[in-house]
1. Can you tell me how much longer the chain between A109 and A249 gets when fully stretched, taken as 0.36 nm per residue apart minus their C-alpha distance, in nm with one decimal?
2. Grab the Cα-Cα distance for V153 and T285, subtract it from 0.36 nm times how many residues apart they are, and report the gain in nm with one decimal.
3. Please list 3J(HN,Hα) in residue order for segment 337-350, calculated via the Karplus relation 6.51 cos²θ - 1.76 cosθ + 1.60 where θ = phi - 60°; whole Hz, with x for glycine and proline.
4. Quote the charge dipole size of segment 34-148 about the Cα centre in Debye, to the nearest 20; the model charges only the Cβ of Lys and Arg (+1) and of Asp and Glu (-1).
5. Which order do peptides 140-152, 116-128, 62-74 fall in by mean Cβ count within 10 Å, highest first?
6. Please turn the phi angles of segment 269-277 into ³J(HN,Hα) values with the Karplus equation 6.51 cos²θ - 1.76 cosθ + 1.60 (θ = phi - 60°), one per residue in order, whole Hz, x for glycine and proline.
7. On alpha-carbon atoms, Rg over Rh for segment 237-340 using Kirkwood Rh?
Amino acid sequence: MVLKQPLQANALLNSITEYLDFAGVIFLVLRPDQTVELINRKGCAVLGYDKEEIEGENWVKKFLPPEVQERTSDLFTRLMRDCSPSLEHFENPVLTKDGSFCPVKWHNAQLKNEAGEVVGILSSGQDISEKKVLQSRLVHQEVERRRQLLTAVLEAQEDERQEIAYELHDNVNQILTSCKLLLEQELHTGQQSPFIVNTYQYIQNAINEIRNLSHRLSPSQLNDLGLEESILELIDRTNLYAQIKIHFAFRPADTNGTVTSGLCISLLRIVQEHLNNIIKHANATETSITLDLSGQTADLEIRDNGKGFDLKDTKRGLGINNMYNRTELHSGQAYINTSPGEGCILSICIPLPPKDETTDLLIPLRK
């Protein structure tokens with residue numbers, strides 16, 4: 001916009017002030033020294049001040065929060081020099097008379113005199129408070145929808161694990177046990193056929209494997225053993241088939257502390273999943289597991305001295321995705337720190353709900 005008179009005595013702006021007062025957006029004219037030359041009725045309503053309390057005041061120092069003053073002042077200086085497309089639009093909060101903040105989306109244009117000199121900035125601003133509230137609600141709804149979806153998926157996984165575990169234990173294992181008893185009868189007759197002896201040993205191995213698999217699939221021991229003993233039992237079972245030294249440190253809030261069943265299952269599954277990954281892929285000889293529940297968060301860290309990997313070149317598999325999903329389900333954060341030849345560190349941080357707000361089944365931390 002080109003002005004035929006100096007900004008301070010411009011009759012054109014004075015003549016359109018009444019029209020601007022009927023606009024549904026904020027209109028603001030700033031002088032080169034950042035003081036307010038003109039503001040319309042909508043701007044006064046948003047700020048909560050009378051026109052006389054605004055015009056003549058330094059816009060940045062009085063009407064913007066301290067944390068955005070430097071950035072906005074820099075933007076204003078750049079606008080006075082060059083109103084490029086990247087500067088025409090930006091958002092910032094304004095500070096109202098009652099001390100609250102109102103987010104505003106601005107459109108900016110230079111005001112020039114006949115000589116082409118920039119004599120001010122004209123800004124039109126839209127109060128986007130309702131838009132921000134709506135966006136926040138939509139984000140919250142999306143987070144809640146995803147949490148419900150994760151809950152349904154993980155609960156379905158646990159139900160399926162339980163069903164498979166029971167079928168293995170109650171049906172398949174019973175059949176194998178019956179076969180084993182029949183073979184024992186045959187062995188007691190004194191007929192030591194090497195085929196029968198080997199078959200007997202294979203069946204015993206199968207029974208042991210199915211028993212271990214059934215235990216890994218079902219977290220029912222949590223109710224009886226508590227979280228600490230369940231992890232220790234998992235480590236003992238791992239030591240049966242893996243040549244790796246596992247250290248475990250557990251720090252509960254107190255010996256009688258409790259955690260929700262959902263969180264206990266997730267922590268146990270994360271430890272189980274990451275141990276499986278270490279055994280399958282890391283070539284590690286030593287692993288340390290630390291679970292700290294003594295503060296306001298559940299902090300789980302698993303370190304290994306394996307070969308590590310490059311995160312950028314590694315596709316996240318089902319196991320890692322499950323660990324991230326379980327962490328997200330409890331509003332936590334999961335991090336993997338690794339590089340080739342440097343081992344791997346898995347860090348999990350999950351906020352613990354206040355006990356008086358917990359409605360989920362509680363599981364003891366220790367036996």
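Computed from the coordinates by the stated procedures, all read-outs in this text should not be read as laboratory data. Please read all numbers here as calculations on a predicted model, not as lab measurements. A quick note on method: Cβ atoms are made from the backbone with ideal geometry, for glycine too, and the neighbour counts reach across all protein chains shown.
1. 44.1 nm
2. In short, 44.1 nm is gained.
3. 10, 7, 7, x, x, 10, x, 8, 10, 9, 10, 10, 10, 10
4. With only Lys, Arg, Asp and Glu charged at Cβ, the dipole is about 620 debye.
5. Top to bottom by mean Cβ count within 10 Å: 116-128, 62-74, 140-152.
6. Each residue of segment 269-277 in turn: 5, 5, 4, 4, 5, 6, 4, 4, 4 Hz.
7. 0.96
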